[in-house]
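Worksheet for the structure shown next.
Since every read-out is calculated from the coordinates, none of them should be taken as a lab result. The model shown is predicted, which means the values in this text are computed figures rather than measured ones. Heads up, the Cβs are rebuilt from the backbone with ideal geometry, glycines too, and the neighbour counts pull from every protein chain shown.
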Amino acid sequence: MSIDRTRRPVSARDKAEALFSAAATKVAPPAIKPPAVPGARELVSLRLDSDVLAHFQDDGPGWQDRINIALRRAAGL
């Protein structure tokens, strides 16, 4: 005769933990997809030296576009 030694939840806390662990299984993150629209821009966080940022902001609105243009030129794009 074999004895079933699997742990069964007995207290309310054990039952809740068992339910939570079953529901909290890890799901693989979705694969990174290219932008749906060709040429679309992507929002990123970028650290720049304060003098570099001031240089581009000195000419007023459109400084983000000017930085993008400068980066494209530097990258040879």
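Observations
- Order of 48, 77 - criterion: other Cβ atoms within 10 Å of each residue's Cβ, fewest first: 77, 48
- Compared with the alpha-carbon gap, the fully stretched path from residue 18 to residue 52 is longer by 6.8 nm at 0.36 nm per residue.
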